[in-house]
Amino acid sequence: MPDSPDAITEFEARIAAGETIEPKDWMPDRYRKQLIRMMSQHAHSEVVGMLPEGNWITRAPTLRRKMGLLAKVQDEAGHGLYIYCGTETLGVGRAELVDQLLTGKAKYSSIFNYPTLTWADIGAIGWFVDGAAIVNQTMLAKASYGPYARAMVRICKEENFHKRQGYEIMATLAAGTPEQKRMAQDAVNRWWWPSLMMFGPSDKDSPNSAELTRWGVKRKGNDELRQRFVNLTVAQAVAIDLKLPDPELRPDPATGDWHFGPIDWDEFSRVVHGDGPLNRERLAARRQAHSDGEWVREAASAYAAKHTAAAAPAAA
Ligand code: BYC
């Protein structure tokens, strides 16, 4: 049955009054679907996002770096789990969502389809990718859906540590030998534009933004957040003497923003639709991990079933 106009009006009034929507509250079917789409995609991004960095755990240059990276990658798994739990409150199970990822039906962030070629890429991911995620997720911490917003508060705290470890890696390399500095600059050159693409298409080409904004899930548009990220990052690059690879980058006195050059939306579209540098490898790695973990899921379910049965009162 379609949602009644009166119920939708009342729901939208709650959002306009700044109320938080909780799992047992009435919500339009479309709101629920949009949240499931966006949150599950976010959870998948956290999980797939472990792969590019996980690739460097055994090759971290010092024990301190290895411990930092291990902790970060583990945090990303935790972020995925918080958000999958959030989606469960909307009535969809994690197994179904994971299946959508593994069969290629669900998206995950385009950024994780790029390779990590050198240690400096780990620095660039922390600085740019976690930096972009903080800008996006600080906004989502004010989203109208309570479980998603609350997950973002905790995630943003952890992302702050991630960003600092990445920036520190870059600052160290940039102040190191000429070869280390070249490596840092090369990583900046490769990760900058894909990081800007993380924010999604321009608002005029974003089919979901209007609805998500009306319902208070998104509080700011993709372009505004992207601009905020550029404005914050320019000064950080200057401070460690690395150059952002954009000849058009200049302050715009009219807006107070940093003007940046055009984004290659054809590349974005190719990556989002499965044809990026490592899309196939990423999905293959996730499928392999899922299959390797089958015995763990079976054992956990058997344990839960046994203990649930033991705890149940005997039938009269
Ligand atoms: N990549 O209408 P739009 C992390 C899709 S991980 C792929 O603007 P929306 C980390 C979009 O889904 C956290 N697809 O969509 C982990 C839509 O397709 P569908 C990463 C993208 O939802 C490990 C279509 O394009 N952050 O931090 O209004 C290590 C049209 O877009 C992308 C999140 O996941 C993309 N970049 O806005 C380090 C943030 N952009 O679904 C770090 C949560 C767009 O209609 N998500 N698409 O077929 C969001 O904030 C929003 O979903 C987006 C897109 C801004 C990404």
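Which whole-number value in Å² is the accessible area per residue of the stretch 46-100, probe 1.4 Å?
Values: 2490 Å² over 55 residues.
I get 45 Å² per residue for the stretch 46-100.
On a 20 Å Cα-Cα criterion, which of the cross-link pairs 72/157; 33/218; 72/142; 72/218 come out too long?
Values: 72/157 12 Å; 33/218 15 Å; 72/142 24 Å; 72/218 26 Å.
Beyond 20 Å between Cα atoms: 72/142; 72/218.
Please list, in order, the residues from the stretch 90-132 whose amide nitrogen is less than 11 Å from a point placed 7 Å along the Cα→Cβ vector of residue 59.
Hits in the stretch 90-132 for residue 59 at 11 Å: 116-122.
What's the FRET efficiency of residue 95 with residue 232 using the Cβ-Cβ distance as r and R₀ = 30 Å, to the nearest 0.05? Mind dumping the intermediate values first?
Working: r = 38 Å, r/R0 = 1.28.
Efficiency at R0 = 30 Å is approximately 0.20.
May I ask you to list the residues of the stretch 34-62 whose amide nitrogen lies under 20 Å from a point 7 Å from Cα along the Cα→beta-carbon direction of residue 74?
Correct set: 46-62.
Which value, in debye to the nearest 20, gives the size of the charge dipole of the stretch 210-316 about its Cα centre, when Lys and Arg are +1 and Asp and Glu are -1 at the Cβ? Walk me through the numbers on the way to the answer.
On the way: 15 positive and 16 negative charges, 117 e Å.
Dipole magnitude for the stretch 210-316 comes out near 560 debye.
For the stretch 231-283, build the convex hull from the C-alpha positions and give me its volume per residue in Å³. List each step's numbers first, then the result.
Values: hull volume 6.8 nm³, N = 53.
Considering the Cα atoms of the stretch 231-283, their hull volume per residue is 129 Å³.
Quick one: accessible area per residue over the stretch 195-267, 1.4 Å probe, rounded to a whole number of Å²? Mind showing how you got there, number by number?
Numbers: 3850 Å² over 73 residues.
Using a 1.4 Å probe on heavy atoms only, each residue of the stretch 195-267 averages 53 Å².
Can you work out the FRET efficiency for the pair residue 141 and residue 259, with r the C-beta to C-beta distance and R0 = 30 Å, to the nearest 0.05?
Values: r = 28 Å, r/R0 = 0.95.
It comes to 0.60.
Order of 130-139, 161-170 by packing, highest average Cβ count within 10 Å first?
Details: 130-139: 23.2, 161-170: 21.1.
The peptides rank, most packed first, as 130-139, 161-170.
State the percentage of accessible surface on the chain attributable to carbon and sulfur atoms; use a 1.4 Å probe and exclude ligands, DNA and RNA. Let's see the in-between values first.
Details: 9400 of 16060 Å².
Its accessible area is 59 percent carbon and sulfur atoms.
Anyone know which of 89, 116, 177 comes out most mobile in the 10 Å Cα GNM of the chain?
Largest GNM mean-square fluctuation: 177.
Under 23 Å between alpha carbons, and skipping anything fewer than 8 positions from residue 243 in its own chain: which lysines qualify?
Once the sequence-local lysines are set aside, what remains near residue 243 is 163, 181.
Just in the stretch 1-40: which trypsin sites (Lys or Arg not before Pro) are loop by DSSP and have at most 16 other Cβ atoms within 10 Å? The partial results should precede the final answer.
Values: sites: 14, 24, 30, 32, 33, 37; in loops: 24.
Counting only loop positions with at most 16 other Cβ atoms within 10 Å, the trypsin sites (Lys or Arg not before Pro) in the stretch 1-40 are 24.
Evaluate the distance, in nm, between pseudo-label points positioned 7 Å from the Cα of residue 4 and of residue 308 along their respective Cα→Cβ axes.
Between residue 4 and residue 308, the label points sit 3.5 nm apart.
Would you compute, for the Cα atoms of the stretch 102-229, the largest minus smallest coordinate along each principal axis and list the three values in descending order, in whole Å?
Rounded to whole Å, the extents work out to 51, 32, 28 Å.
Given 20 °C and 1.002 mPa s, compute D for the chain with the Stokes-Einstein relation, Rh being the Kirkwood radius over Cα pairs; round to the nearest whole µm²/s.
Details: Rh = 21.2 Å.
For these conditions, the coefficient is 101 µm²/s.
Calculated from DSSP H runs of 4 or more alone, at -39500 (n - 2.57) each and per residue, what is the 222 nm mean residue ellipticity of the chain, nearest 500?
Working: 14 runs with 201 residues, N = 316.
The per-residue figure over the chain is -20500 deg cm²/dmol.
Sorted by accessible area with a 1.4 angstrom probe, largest first, how do 272, 234, 296 fall?
On the way: 272 45, 234 10, 296 75 Å².
I get 296, 272, 234, largest accessible area first.
The values are calculated or read from the model by the stated rules, or taken from the named source; none is laboratory data. As the structure is a computational prediction, the values presented were derived from the model and not from experiment. Note that each Cβ is placed from the backbone with ideal geometry, even for glycine, and that neighbours are counted across all protein chains shown. Just the protein is used for accessible areas: all its heavy atoms, side chains included, with ligands, DNA and RNA removed. Shrake-Rupley method; radii C 1.70, N 1.55, O 1.52, S 1.80 Å.
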